[in-house]
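Here's the structure we're looking at; comments come further down.
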Amino acid sequence: MSINPLMAVLGAIFLLVATSSPSASAVALKVASIDPCTVADFPALCRGTIKGQTNVNAATDVAIRELMKRTRQAKEMAAKELKRDGGVATCLSNFNSAFDNLDKALKNIKENDGFSLNINLSAVLTDYDTCSDAMKESREINNVIYKSAGVLYQMADNCLALSTLVKH
Ligand SMILES: *[C@@H]1O[C@H](CO)[C@@H](O)[C@H](O)[C@H]1NC(C)=O
């Protein structure tokens, strides 16, 4: 999880623009306007989340709301398993932070602020990654919280990819 997903997406877009004719990149954008999940790193997970939504703002909004729902569930699990120390405590505080950042991201979409949206969603990815690292460090990778953090990370990665289609 050390590759910055934003850089990966920007890199892919750059390659596309640099190596192909303008019409080819126009085609790629057209495809994304039919199925926004073509830009996602985890397209199957993305499609299961946005449920046929083709409007990119709406798709990103739906994906963020679904991730907030899953994060709330993960917070409840972490709160039940909370011990004085260990990775779960780190996860609980990072899930809280992720939830707040996702809430900010929803506002960013409403305000068509693609720049802040990108930064706030990147912060969400870091939150889940910090949880995973803490669980690894305290040797709790068989814990369900570790597994949830992995899925939440993939969903956040998809949100970030979708957000690159939102107009700035
Ligand atoms: C995140 O979004 C909020 C608005 O909801 C905004 O005030 C803040 O500047 C954004 N964060 C960054 C780092 O852009």
Across the chain: Cys residues that no other cysteine approaches within a C-beta distance under 4.7 Å: 159
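Can you show me the helix-derived [θ] at 222 nm for the chain, built from DSSP H runs with n ≥ 4 at -39,500 (n - 2.57) apiece and divided by the number of residues, rounded to the nearest 500.
Values: 7 runs with 130 residues, N = 168.
Taking each H run of at least 4 residues, the total per residue is -26500 deg cm²/dmol.
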Taking residue 167 as the anchor, which aspartates and glutamates have their alpha carbon closer than 17 Å to its alpha carbon, excluding any fewer than eight residues away along the same chain? 35, 61, 111, 113
For the chain, taking Cα atoms only, what is the radius of gyration to one decimal and the Dmax to the nearest whole Å? 16.6, 58
How about the stretch 62-168: which GluC sites (Glu not before Pro) there lie in a loop by DSSP and see at most 13 other Cβ atoms within 10 Å? 111
Determine, for 119, 64, 34, the number of other Cβ atoms within 10 Å of each Cβ, and report the residues in order from fewest to most. 34, 119, 64
Residue by residue through the stretch 121-126, the couplings from Karplus 6.51 cos²θ - 1.76 cosθ + 1.60 with θ = phi - 60°, in Hz, x for Gly and Pro, are 6, 4, 4, 5, 4, 4
Alpha carbon Rg of the stretch 99-168, scaled by the compact-globule rule 2.2 N^0.38 Å: 1.22
So the angle from the long Cα axis of helix 144-163 to the longest Cα principal axis of the chain, reported in degrees to the nearest 10, equals 20
Excluding the sites themselves, what is the longest stretch of the chain that contains no trypsin sites (Lys or Arg not before Pro) in a DSSP loop with at most 12 other C-beta atoms within 10 Å? 85-138
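Bear in mind that the values in this text are calculations on the coordinates, not laboratory data. All of these numbers come straight from a predicted model, not from anything done at the bench. Neighbour counts run over all protein chains shown; Cβ positions are idealised from the backbone, glycine included.
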